[in-house]
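No value in this document is a laboratory result; all are computed from the given coordinates. If you're wondering where the values come from, they're calculated on a predicted model, not measured in any experiment. In this analysis, Cβ positions are derived from the backbone assuming ideal geometry, glycine residues included, and neighbour counts consider all displayed protein chains.
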Amino acid sequence: MKVLNLILAALFIVFAFVQVNDPDPVLWILIYGLVACACVLAAFRYIVPRIWFVLMLILFAYSFVFIEGVGQWLQSDEKHLLFDEIAKMQYAWVEETREYLGLLICVLVLGMHLLQVQALKRRYAS
């Protein structure tokens with residue numbers, strides 16, 4: 001798990017760096033930076049479940065801001081535009097769906113850390 005968490009930390013640092021050109025870079029650099037820090041801490045088995053859970057809830061709640069864009073993407077005949085660089089200026093749902101998916105990845109990684117804590121507790125309790 002240590003190697004996986006360090007790889008994830010590196011990926012989230014790259015995600016944060018890519019946000020420099022985003023319309024709201026500070027928010028996304030903060031989000032990805034926090035998850036990168038969480039991955040580094042998890043790599044060394046320093047997980048504070050309450051903090052992880054609160055962060056996970058905040059990110060999950062924030063993802064609902066983008067639900068309308070995700071719905072538009074799901075109804076669109078041009079789903080492939082999600083992966084097109086030029087399309088983000090064409091349709092708002094492209095950017096909203098990407099942001100939703102980014103938050104979903106963050107929530108899943110934090111959830112993985114919480115499961116890791118539970119597994120360690122069970123292992124050492126036995």
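Which FRET efficiency value, to the nearest 0.05, is calculated for ASP22 and MET112 with the Förster distance at 25 angstrom and r the Cβ-Cβ distance? E(calc), rounded to 0.05, equals 0.50.
Using the beta-carbon distance between ASP77 and LEU104 and R0 = 22 Å, what value does 1/(1 + (r/R0)^6) give for FRET efficiency, to the nearest 0.05? E between ASP77 and LEU104, to the nearest 0.05, is 0.40. The charge dipole of segment 2-125, taken about the Cα centre with unit charges on the Cβ atoms of Lys, Arg (+1) and Asp, Glu (-1), comes to about 1140 debye, rounded to the nearest 20. Distance between the C-alpha centres of segment 26-51 and segment 108-126: 16 Å, rounded to the whole angstrom. Rank the residues VAL54, VAL20 as a footprinting-exposure proxy: fewest other Cβ atoms within 10 Å of their Cβ go first. Ascending Cβ contact count within 10 Å gives the list VAL20, VAL54. Between LEU6 and ILE51, the simple spin-label model (points 7 angstrom out along Cα→Cβ) gives 2.1 nm.
Are there any chymotrypsin sites (Phe, Trp or Tyr not before Pro) in segment 14-100 that are in a DSSP loop and have at most 11 other Cβ atoms within 10 Å? List them by number. Answer by residue number: PHE44, TYR46. Contact order for segment 2-125, expressed relative to its length and based on alpha carbon pairs under 8 Å spaced 6+ residues apart, stands at 26 percent. Quick one: pull the percentage of alpha-carbon pairs in the chain with a separation above 16 Å. In whole percent, the long-distance tail amounts to 64. Of all complete DSSP H helices in the chain, those with a Cα span along the helix axis of 15 Å or greater and a mean Kyte-Doolittle hydropathy of 0.5 or more are 2-18, 25-43, 49-63, 92-125. Among the GluC sites (Glu not before Pro) within segment 61-126, those in coil by DSSP and having at most 10 neighbouring Cβ atoms inside 10 Å are GLU85.
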